[in-house]
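Engineer: First the structure, then my questions, so here it is.
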Amino acid sequence: MRTVLLFIMILATTGCGMGMDAWIHDDVNDDFTKQSFDQKALQEDLAYLQTQMAARHPVYHELTDEKAINEKFATMSSKIKNEMSRGEYFRLIGTINPYFRDGHSLLFPLLAEGTYAEDKKQNLFPFGVFTQNHSLYINKVYKNKSTGALIEKGTKVVSINGVAGETILKQLAEYGHGETANLRMHMSTLLFHYWLNAIYEWRGNFKLVLEHDNKQETMMLSSHGNWESEQNKLSDNWLKIIANQNAYLKLGTFDVDEESGFEDFVEDAFAKIKEMKVAKLIIDVRGNTGGQSDAGAEVISYLTDKKLNQASSVIEKLSNDNNGLFGYKGKPGEIIELDVIGSQIIEPVEPSKRFKGEVVVLIDEMTYSAGIVFATTLQDHKVAKLVGQPTGGHANQTGNLNPFYLPNTKLLVLAPSRYITRVSGDTSKQSIQPDVIVNKGKDTTVDMTLQVSQELFSN
């Protein structure tokens, strides 16, 4: 049995759909999203959210502050009014997300409303963003297919619809999900287009004030805008051979399935590395928010000559959704321990395919989930040196998302069922600490982490 650490990387892309509509409850159509609900139904949903998250989460009481979260539920309950829409209700109870203190636990920001808006050509915010020094920036180069206009990566988002980027980030932090305030701030950019729709009801037309090279520009975006990102043909995962027998392997996501060709990509990448006689390899998992742990294991198999485990222990809390056919795993509420030594071992590839040079792995605040397992496995087994910024999430973390729905409003909730302890067995609830910590600096166009990693090799 493999450990699957899922934090759906497709959420990082802009626009709805992408298979996400499968998570919309069967009873929720466009008309349903316009309904209002009485106070009794809304109170029932809030109580259900509280009991189900505690019942499903494997370490709920270890991560949460019991007094604080119970007080928060009570405060929200007192503010529930009669005849609230799904949007009004979400904007009230979605503020519970920070109290779960877990990036895999959240009330999802109005997936159905976002999807149906897109279906009606009321496009959501079209650009991906990242945050640095508490400001918002465009995360890729975007080109308008109709006009040829370009928006450069690292362009600052001064304001959206008259609201300052810093103010938006502060507002979204009230709904953020993650173990730490730092992670919650960064996670709000991962679901940015959904959050803008859920919290501000922004869709269709946008007025942007952007700043690049110390020049500001006002841009009007319409529902019929035709923007696309200019990204590498290999999308989130790609290889580049650089000077002095160095190679750069970008692993932007581990959210890959058997049909994605990821194994072939990894095999081809290491064949190219061998062909080019690469001696020093930089692997970049910054911004990799996870996917399948097997994807990370596939890469690690080319970096070691020993069998390696990816965790010291993994526990799973059972519910009616994950206890197996006819409940063969056990009863709901039971916690079982998975075999991480017998069935979770990474087998090295044959010696002729193995990379035997130096390895540096780049991490940052947004390295999460299966990205964290990848980094801790390499660090704890001393296969590679980690360079960058401490992760926003904990080195020991939850995984395996199981969606459930509030019974009346049908709002989507994500909850984990597993808890993974890193290879070293250190049970501390803290971030991964890089072997070399790098200050990013204020210039978003300069990649200080990459520069430092290359200097490590040259020295």
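The values are calculated or read from the model by the stated rules, or taken from the named source; none is laboratory data. Here the structure is a predicted model, which is why all the values come from computation and not from measurement. All Cβ positions, even for glycine, are placed from backbone atoms using ideal geometry, and neighbour counts span all protein chains on display.
Engineer: What are the pairs, 6+ residues apart or on separate chains, where a residue within region 155-175 that is small (Gly, Ala, Ser) has its Cβ under 8 Å from a residue that is in a helix (DSSP H, G or I)?
Structural biologist: Sorted first by the residue in region 155-175, then by its partner, the pairs are Ser159/Gly165; Ala173/Pro98; Ala173/Ala181; Ala173/Arg184; Ala173/Met185; Ala173/Ser188.
Engineer: Are there helices (runs of 4 or more DSSP H) fully within region 51-156 with at least 3 residues that are within 25 Å of the chain's Cα centre (by Cα)? List them.
Structural biologist: 60-63, 86-93, 97-100, 111-119
Engineer: Also, quick follow-up: Given the criterion surrounded by fewer than 20 Cβ atoms within 10 Å (Cβ to Cβ) and in contact with a strand residue (DSSP E or B) (Cβ under 8 Å, 6 or more places away or on another chain), identify the matching residue among Ser369, Ser352, Ser313.
Structural biologist: It is Ser313.
Engineer: Could you list, in sequence order, all residues of region 194-221 that are among the β-branched types (Val, Ile, Thr), touching a residue at least 40 places away in the same chain (Cβ under 8 Å) and part of a strand (DSSP E or B)?
Structural biologist: Val209
Engineer: Separate question: Somewhere in region 449-458, is a residue surrounded by 19 or more Cβ atoms within 10 Å (Cβ to Cβ) and aromatic (Phe, Trp, Tyr)?
Structural biologist: no
Engineer: Out of curiosity, is Leu136 out of contact with any Ser or Thr (no Cβ under 6 Å at 6 or more places or on another chain) and either among the small types (Gly, Ala, Ser) or farther than 21 Å from Asp364 by Cα (or both)?
Structural biologist: No, not satisfied.
Engineer: Now for a different question. Given the options Ala311, Ala295, name the one that is assigned by TED's automatic domain parsing to the domain that holds Tyr248, more than 30 Å from Thr51 (Cα to Cα) and touching a residue at least 40 places away in the same chain (Cβ under 8 Å).
Structural biologist: The conditions single out Ala295.
Engineer: For region 263-278, name all the residues that are among the hydrophobic types (A, V, I, L, M, F, W, C) and in contact with an Asp or Glu (Cβ under 7 Å, 6 or more places away or on another chain).
Structural biologist: Selection gives Val266 alone.
Engineer: Now a separate question. Quickly run through region 291-309 and pick out the residues that are hydroxyl-bearing (Ser, Thr, Tyr) and at pLDDT 95 or above.
Structural biologist: Of everything in region 291-309, those that are hydroxyl-bearing (Ser, Thr, Tyr) and at pLDDT 95 or above turn out to be Ser301, Tyr302, Thr304.
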